[in-house]
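Asker: So that we are looking at the same thing, I have put the structure below in structure tokens.
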Amino acid sequence: MVAQVNKSFGNHRVLNDANLTVSKGEFFTLLGPSGCGKTTLLRLIAGLELPDSGVIYLNGEDITNVPANKRFVNTVFQSYALFPHLTVFENVAFGLKARKVDPSEVRLKVNRMLETLDLDELGKRFPNQLSGGQRQRVALARALVNEPSVLLLDEPMSALDPYLRAQVQSELIELHHRVETTFIMVTHDQAEAMSMGGYLAVMKDGRIVQSGTPRDVYSHPKNKFVAEFLWGANILQATRDGDFMITTLGPLKTANQVSWSEGHLAIRPELISLDYNQAGANYNLVKATVLKSVYRGPSVELLLDPGPVKVVTSPRYNHQPGDTVSLFISPDDLVVLDNQAA
């Protein structure tokens, strides 16, 4: 657990009263744009940096000032940081040997970890003889063989091509299920954060602004930043007028309680229906004009006026700029954003 942690470098405040709670055995992802403080938070948990104020706990124990080599925490860095002059076996064994573990136990633990990560046939190779995915697995093996309470992953897949990244993501999820260690991963990639499961926290300006399951954070963003950062929800400025919200699209009903007179609503592009066949609905119906149509293979992205509003729909539609389309926006899919949230 991280409680009220602050960290500055010179006059630049990187973490601002950051709070984070991760349960034992979770796969937890820190997501946010570059410079939001997520890597600094990871380094504080690892003990590679010390906070200016606040407390860091591990398994209920205050480890704020415990040296990095005394924490039951291991880190896999973005560069993997493998020793080029050591074999795969020697890289994985390095931490155990540094702790003066009995050689026979070192061999047993390293061989078991290499087998777990499908590296048992690569033990005699050097890092420059491995693919990017293999080097990543060696870095994971070197960290996990020390049996840490927490494994920290700093952008571990950023150097991989899209195909290999998807493969390693699946392997990482499977590995987490097998070893039952707490994983905390940093990424700026929204798709990656969503696909890892578990829980995620969205960071902005050194604070955690929302956390929860990927589905909950995506479907129920608290504020404009989260709604826009996670694949760009449509943001509608709105004024409350009785049972309706007055927007650029016209009067809309929402199923959610509204606590403000003026604020913003969010609607995901893929949740806007391109038809009026909604069981006789006589509200939340909109006429719009196509400004732009982008074919993306599995989907088509339309930019519409008024708004502008983005809609993601099936490629079976072939709408072109200038076409008039009919929209239905379900009240259940309109998210009322918190004016007070960061």
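Asker: Counting only protein heavy atoms, what percent of the accessible surface of the range 140-195 is carbon or sulfur at a 1.4 Å probe?
Answerer: The value for the range 140-195 is 50 percent carbon and sulfur by accessible area.
Asker: Place +1 on the Cβ of every Lys and Arg and -1 on the Cβ of every Asp and Glu in the chain, take the dipole about the Cα centre, and give the residue among PHE126, THR248, PRO298 whose Cα lies farthest towards its positive end.
Answerer: PHE126
Asker: Turning to a different aspect of this structure: Can you list the lysines whose alpha carbon is less than 20 Å from that of LYS7, not counting same-chain residues fewer than 8 positions off?
Answerer: List returned: LYS38, LYS204.
Asker: Tell me, what is the percent relative contact order of the range 1-64, built from C-alpha pairs under 8 Å that lie six or more residues apart?
Answerer: Once normalised by length, the contact order is 38 percent.
Asker: What does the charge count near PRO251 come to, summing +1 for each Lys or Arg and -1 for each Asp or Glu among other residues with Cβ under 12 Å from its Cβ?
Answerer: 0
Asker: Which FRET efficiency value, to the nearest 0.05, is calculated for HIS177 and SER149 with the Förster distance at 25 angstrom and r the Cβ-Cβ distance?
Answerer: 0.90
Asker: Given the alpha-carbon gyration tensor of the chain, what are the semi-axes of its equivalent ellipsoid in whole angstrom, ordered largest first, with each equal to the square root of 5 times an eigenvalue?
Answerer: The three semi-axes for the chain are 46, 25, 15 Å.
Asker: First compute the accessible area of the range 83-122 with a 1.4 Å probe, then give the percent of it belonging to carbon and sulfur atoms.
Answerer: Answer for the range 83-122 is 53 percent, counting heavy atoms of protein chains only.
Asker: Quickly work out the SER314-to-VAL294 label distance, labels modelled 7 Å from Cα along the C-beta direction, and quote it in nm with one decimal.
Answerer: It works out to 2.3 nm between the two label points.
Asker: May I pose another question? Which lysines, if any, have their Cα less than 30 Å from the Cα of LYS287, not counting same-chain residues under 8 positions apart?
Answerer: Reachable lysines: LYS222, LYS224, LYS253, LYS310.
Asker: Let me ask you something else. Ignoring any ligand, DNA or RNA, what whole percent of the accessible area of the range 1-55 comes from carbon and sulfur when the probe is 1.4 angstrom?
Answerer: 48
Asker: Per residue of the range 195-203, in order, report the coupling 6.51 cos²θ - 1.76 cosθ + 1.60 (Karplus, θ = phi - 60°) as ³J(HN,Hα) in whole Hz, putting x for Gly and Pro.
Answerer: Residue by residue, the range 195-203 yields 6, 7, x, x, 10, 9, 10, 9, 10 Hz.
Asker: Let me ask something else. Please work out the average accessible area per residue across the chain, using the 1.4 Å probe convention, and give it in Å².
Answerer: 50
Asker: Something else: With Cβ to Cβ distances under 15 Å as the rule, what net charge do the other residues near ALA46 carry (K, R +1; D, E -1)?
Answerer: With Lys, Arg at +1 and Asp, Glu at -1, the net is +3.
Asker: Then there's this: How much length, in nm to one decimal, is gained on full extension between ASN69 and ASN11, taken as 0.36 nm per residue of separation minus their Cα-Cα distance?
Answerer: Answer, rounded to one decimal: 18.0 nm.
Asker: Under 9 Å from the Cβ of ARG137, count the other residues' Cβ atoms, weight Lys and Arg +1, Asp and Glu -1, and hand me the total.
Answerer: So the surrounding residues net to -1.
The values are calculated or read from the model by the stated rules, or taken from the named source; none is laboratory data. On a predicted model such as this, the values are computed, not experimentally measured, just so you know. So basically every Cβ, Gly included, is an ideal-geometry build from the backbone, and we count neighbours across all protein chains shown. Side chains included, ligands, DNA and RNA excluded: accessible areas come from the protein's heavy atoms. Shrake-Rupley method; radii C 1.70, N 1.55, O 1.52, S 1.80 Å.
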